[in-house]
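The block underneath contains the structure these notes are about, expressed in structure tokens.
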Amino acid sequence: MAKGKYIEAFGMRLEYMEEGEGEPVVLLHCTGSSASQWGALSGELRSSHRVLSVNLHGYGGTSAWDGRAAFRLRHEAALVDELLRQVGEPAHLVGHSYGGSVALAFSRAMPGHVRSLALFEPASFHLLRTGDPADALAFQEIVQVAETVWQALASGEYVLGAGYFVDYWGGCGAWSSMPLARRQALVALLPKIGLDFQATVNEPAGLEAFRELHVPHMLMQGEHSTLPARRICRTLAALWPDARHCTVQGAGHMGPVSHAADVNRLVTGFLREATAH
């Protein structure tokens, strides 16, 4: 992946990687990850697009949240907005999990700056608050995960909190199978993981706020994903009946990493059509 670039915004530093030329594509990573998760996809897109892989607050070389206010998705979206103001034109947005929720928040706030949306299981847990009983059950499940992380932070049990988080999304044994260096990195990131949950659970926007996003959409999910992820994708698919909805066979929530070739194929095909749209 290209060497990191930086811009200053709101007294903070945003790190991003840039490759290629053409219509801009912004790649937004999941919680606990970084722009590097998109290395293969960026390599595939750079011949046709200007690819901007962003490190969100507290990841990579981007400044950590300074705590001046309750952390919300709008604070991540503001960084994306500042980057695109410097780019000078609308962009296609690709987001995984937390990055997908940031993409949605940005699209709602700045719809004129978005050419298309490709989302793999956006972690927009707030959309489950006012749904049907199955949504309520899914919301209760993910709030329990968030509360376990918050309790681990409060008690100083960072290793237990990080392990619980990883095993929830990756399946039992995902934590123990990780290399030690990766586990240590995630333990250090647990405070930001807690903030990411805070932002996605407490986001005030309801489902109707996203109905009028009149751009091409693609929703992706894994075959073996968790209940909250499945319910969010179902809800958005019903909201956007014209959206492309794809299931990646054999994948779970971490499909963009574990099944990168399959996910990247879907994204590149979608962007090829959206660019010609």
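The values are calculated or read from the model by the stated rules, or taken from the named source; none is laboratory data. On a predicted model such as this, the values are computed, not experimentally measured, just so you know. Here the Cβ is made from the backbone with ideal geometry for all residues, glycine too, and neighbour counts use every protein chain on show.
Odds and ends about this structure:
- Flag for S124 being of a type in the set (S, T, Y) and under 29 Å from V267 (Cα atoms): yes
- Test: residue in region 4-19 that is in a loop (DSSP other than H, G, I, E, B), in contact (Cβ under 8 Å) with a residue 12 or more places away in the chain and buried (at least 21 other Cβ atoms within 10 Å of the Cβ): no
- Residues located in region 66-121, provided they are under 20 Å from L189 (Cα atoms) and either among the charged types (D, E, K, R) or surrounded by fewer than 17 Cβ atoms within 10 Å (Cβ to Cβ) (or both): D66, G67, R68, A69, A70, R72, E76
- Residue within region 174-186 that is modelled with pLDDT of 95 or more, in the same structural domain as L160 (by TED's automatic domain parsing) and charged (D, E, K, R) present: yes
- Only residues that are part of a helix (DSSP H, G or I) and buried (at least 17 other Cβ atoms within 10 Å of the Cβ) were counted across region 165-175, and they come to 5.
- Cβ pairs under 7 Å, 6+ apart, first in region 223-241 and closer than 15 Å to Y168 by Cα and in the same structural domain as F120 (by TED's automatic domain parsing), second of a type in the set (D, E) and surrounded by fewer than 20 Cβ atoms within 10 Å (Cβ to Cβ): L227/E141; P228/E141
- Residues that are in contact with a Gly (Cβ under 6 Å, 6 or more places away or on another chain) number at least 1 in the following helices (runs of 4 or more DSSP H) confined to region 176-271: 180-188, 190-202, 255-258.
- Filter result for A105 (part of a loop (DSSP other than H, G, I, E, B), among the small types (G, A, S) and in contact (Cβ under 8 Å) with a residue 40 or more places away in the chain): no
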